[in-house]
1. Of these, 49, 128, 39, 53, which one is over 18 Å from residue 3 (Cα atoms), in the same structural domain as residue 8 (by TED's automatic domain parsing), surrounded by 12 or more Cβ atoms within 10 Å (Cβ to Cβ) and without any contact (Cβ under 8 Å) to a residue 60 or more places away in the chain?
2. Going through 7, 21, 12 one at a time, which residue ends up being touching a strand residue (DSSP E or B) at 6+ places or on another chain (Cβ under 8 Å) and either in a loop (DSSP other than H, G, I, E, B) or at pLDDT 85 or above (or both)?
3. Can you tell me which residues in the range 52-80 are out of contact with any helix residue (DSSP H, G or I) (no Cβ under 9 Å at 6 or more places or on another chain) and in a helix (DSSP H, G or I)?
4. Is the range 95-112 home to any residue that is out of contact with any strand residue (DSSP E or B) (no Cβ under 6 Å at 6 or more places or on another chain) and under 15 Å from residue 67 (Cβ atoms)?
């Protein structure tokens, strides 16, 4: 699905920033940092508009944030892929910056102390994906 249809499916206005951000993430096919996205946006980049755009796209489940060592990466939220998994574990490849979901590797249940209540949680494993490992 292209950027226009993604935004339309969520009932969002088709602003130039939203379209460009989704297009950049689609074209690269990997998670990107703000600086990497900024480079792709060129003169269209505006920091305040960028953060508002990112926040709205996250809120609408179009993209998601991946904290990787003091850097926030952004990736498209492929809901069809996520639906296949219950409590998906994300894998971040440190070589190619790809993010994928690990099939049949659900997040384990955590036993928290009394009084703690889990609202949501996610798991991120960092390493080298099978493609990069085979091509080293």
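1. Every option except 39 fails the conditions.
2. Being touching a strand residue (DSSP E or B) at 6+ places or on another chain (Cβ under 8 Å) and either in a loop (DSSP other than H, G, I, E, B) or at pLDDT 85 or above (or both) holds for just one of 7, 21, 12, which is 21.
3. Residues of the range 52-80 out of contact with any helix residue (DSSP H, G or I) (no Cβ under 9 Å at 6 or more places or on another chain): 55, 58-59, 66-70, 78-80.
Passing the criteria: 55, 58, 59, 79, 80.
4. So far as the range 95-112 goes, yes, one or more of its residues are out of contact with any strand residue (DSSP E or B) (no Cβ under 6 Å at 6 or more places or on another chain) and under 15 Å from residue 67 (Cβ atoms).
The values are calculated or read from the model by the stated rules, or taken from the named source; none is laboratory data. The structure presented is a predicted model; accordingly, all values stated were derived computationally and were not measured. Because the Cβ atoms are built from the backbone with ideal geometry, glycine has one as well, and the counts that use them run over all protein chains shown.
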